[in-house]
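Take a look at the structure below.
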Amino acid sequence: MVASDSFAEFLREQLAPLGRITVRRMFGKTGVFCDGLMFAMVTDDTLYFRVDDHNRTAFKEAESYPPLNYGKKGRTIDLAFWRAPERLFDEPDEFVAWARLALAAARRVAAKRERSAPRRKSGHRAT
């Protein structure tokens with residue numbers, strides 16, 4: 001289920017120090033973007049931040065799992081988005097700090113995808 005309007009507005013306000021925050025409905029959830037890069041998702045007004053090898057330990061230590069997931073063909077598929085610790089909602093500065101970790105993870109994932117994307121040949125064919 002997507003984020004409520006009030007929760008989406010709360011996120012835009014709280015995360016404004018990161019840059020231009022936008023939210024967009026996608027796949028029955030809500031993507032949270034900073035300057036066009038998705039770093040969080042919301043389902044049922046629960047926030048999940050992007051996680052990778054560099055910040056996963058912090059999320060594990062905060063016991064902010066299970067990760068966001070979905071069912072497919074009788075299996076559970078975990079996504080690279082972990083629940084934001086509840087305590088962050090009472091600590092605006094720490095909330096933004098964790099969001100920065102998620103944004104950094106999203107940037108690393110985007111950079112990795114760029115490096116591994118097949119390169120298109122430029123130029124023209126010889127005649």
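Length gained on full extension, Arg24 to Arg12, computed as 0.36 nm times the residue gap minus the Cα-Cα distance: 3.1 nm. Annotation for the range 1-76: GluC sites (Glu not before Pro) lying in DSSP loop with at most 10 further Cβ atoms inside 10 Å of their Cβ are Glu63. Solvent-accessible area of the chain (1.4 angstrom probe, protein heavy atoms only): carbon and sulfur portion equals 49 percent. Once the Cα atoms are used to define both axes, helix 5-14 deviates from the longest principal axis of the chain by about 80 degrees. Here the calculated FRET efficiency for Ala62 and Ser4, from their Cβ-Cβ distance with R0 = 30 Å, stands at 0.80, rounded to the nearest 0.05. Here is the list for the range 1-99: chymotrypsin sites (Phe, Trp or Tyr not before Pro) lying in DSSP coil, each with at most 13 other C-beta atoms within 10 angstrom of its C-beta, are Phe27. The angle between the Cα long axis of helix 92-116 and the longest principal axis of the Cα atoms of the chain comes to about 20 degrees, rounded to the nearest 10. Of the trypsin sites (Lys or Arg not before Pro) in the range 13-74, which ones lie in a loop per DSSP and count no more than 12 other C-beta atoms within 10 Å? Loop-located and lightly packed - Arg20, Lys73. For the chain, the solvent-accessible area with a 1.4 angstrom probe is 67 square angstrom per residue. Over the chain, what is the relative contact order in whole percent, taking alpha-carbon pairs under 8 Å and six or more residues apart? Contact order relative to length: 22 percent. Between Arg107 and Asn69, the contour length at 0.36 nm per residue exceeds the alpha carbon distance by 11.6 nm. What is the list of residues in the range 62-86 whose amide nitrogen lies under 17 Å from a point 7 angstrom out from the Cα of Thr46, following Cα to Cβ? Backbone N within reach: 62-72, 76-86.
Consider the candidate values (1) 17.2, 49; (2) 16.8, 67; (3) 13.7, 42; state which one is Rg and Dmax of the Cα atoms in Å computed from the structure displayed. Computing Rg and Dmax of the Cα atoms in Å and matching it to (1) 17.2, 49; (2) 16.8, 67; (3) 13.7, 42 gives (2). Charge dipole of the chain (Cα centre as origin; +1 on each Lys and Arg Cβ, -1 on each Asp and Glu Cβ, all else neutral): 1420 debye, rounded to the nearest 20.
The values are calculated or read from the model by the stated rules, or taken from the named source; none is laboratory data. None of the values given here were measured: they were computed from a predicted structure. Because the Cβ atoms are built from the backbone with ideal geometry, glycine has one as well, and the counts that use them run over all protein chains shown. SASA here: full protein model, heavy atoms, side chains in, ligands and nucleic acids out. Shrake-Rupley method; radii C 1.70, N 1.55, O 1.52, S 1.80 Å.
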